[in-house]
C-alpha cells in the first residue's frame, strides 16, 4: 500500500468518524429534544420537583389507593430493571399455582372478585411491564376509589380517558404509570416506593 492510499484511508476514516460519530448523533439528539422532549429524556415523570418514575417501566406499588401493576417475577424486588426476565415457570409448576392462589387471595381481601384477567394474577414476560388490560384497571377501580377518596365514577372516567388501543386490534390497555401519576397529582401525594 502506498502513501496515497494510506492518506485516502485516513481521510475517509476521519470523515466518517466526524459524520457518524459527531454530526449524526448530535443532530438526532437535538431533533429528538425539539420534537419529542418528554420521550427524549426517558419519559420521566416528576412530582414536587423529583423524578419518581418512567412511563416505560413498572414501579413497585403496594398502596391500595393506587393502581397495581401486573405481577413481576424479577428477583430482589418487583420491577427490578437489573434482573429483567420471566420466571420461566411452566403451567404445571406448583409454585406458579401457589403464586396465583396467593394473588387471588390478596385481591379478594380487597373486595376484588373474579373472574380475573390473566395480567392480574400472572407475571409479565419481562417483569417490567408498565401496562395492564382495561379489564384489570376497571376491576381495581373500586378499591382505588375506596382508599383514595376519589369518586368511583371519576376514576372510571380517568381510566377511559387514558386507555390506549393496541396495535392490530389488540385489547385496550392502560399505562399504570400515567394512571397513577394522575391520581398522585389529584391527591397531592407521592406514594411511589423508593427502590433505588
Note on region 53-102: residues in contact with a strand residue (DSSP E or B) (Cβ under 6 Å, 6 or more places away or on another chain), buried (at least 19 other Cβ atoms within 10 Å of the Cβ) and under 15 Å from residue 184 (Cβ atoms) are 53, 59
Of 182, 129, the only residue that is closer than 28 Å to residue 38 by Cα, outside any helix (DSSP H, G or I) and in the same structural domain as residue 70 (by TED's automatic domain parsing) is 129
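Given the criteria exposed (fewer than 15 other Cβ atoms within 10 Å of the Cβ) and either within 26 Å of residue 91 (Cβ to Cβ) or at pLDDT below 90 (or both), does residue 108 qualify? Talk me through it step by step, then tell me what you get.
Values: exposed (fewer than 15 other Cβ atoms within 10 Å of the Cβ): yes; either within 26 Å of residue 91 (Cβ to Cβ) or at pLDDT below 90 (or both): yes.
Considered against the rule, which asks whether it is exposed (fewer than 15 other Cβ atoms within 10 Å of the Cβ) and either within 26 Å of residue 91 (Cβ to Cβ) or at pLDDT below 90 (or both), residue 108 comes out as yes.
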Only one of 53, 65 is at pLDDT below 85, closer than 16 Å to residue 178 by Cα and assigned by TED's automatic domain parsing to the domain that holds residue 175, namely 53
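Starting from residues that are assigned to a helix (DSSP H, G or I) and touching a strand residue (DSSP E or B) at 6+ places or on another chain (Cβ under 7 Å), keep the ones in region 132-151 and report whichever is modelled with the lowest pLDDT.
Pass one, region 132-151, residues assigned to a helix (DSSP H, G or I): 134-148.
When the remaining residues are screened for being touching a strand residue (DSSP E or B) at 6+ places or on another chain (Cβ under 7 Å), the result is 134, 137.
On the way: 134: 91, 137: 94.
Step by step, filter region 132-151, then rank; the result is 134.
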**Asked** Does residue 114 qualify as being without any contact (Cβ under 8 Å) to a residue 24 or more places away in the chain, loosely packed, with under 12 Cβ neighbours inside 10 Å and assigned to a loop (DSSP other than H, G, I, E, B)?
**Response** yes
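What about residue 169, is it modelled with pLDDT under 90 and over 16 Å from the mean Cα position of the chain (by Cα)? Break it down stepwise before answering.
Numbers: modelled with pLDDT under 90: yes; over 16 Å from the mean Cα position of the chain (by Cα): yes.
Criteria met by residue 169.
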Determine whether residue 82 is part of a helix (DSSP H, G or I) and outside the structural domain of residue 176 (by TED's automatic domain parsing). no
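The values are calculated or read from the model by the stated rules, or taken from the named source; none is laboratory data. Quick caveat, the model's predicted, so the values are computed rather than measured. For neighbour counting, all protein chains shown are included, and Cβ atoms are generated from backbone atoms with ideal geometry for every residue, glycine included.
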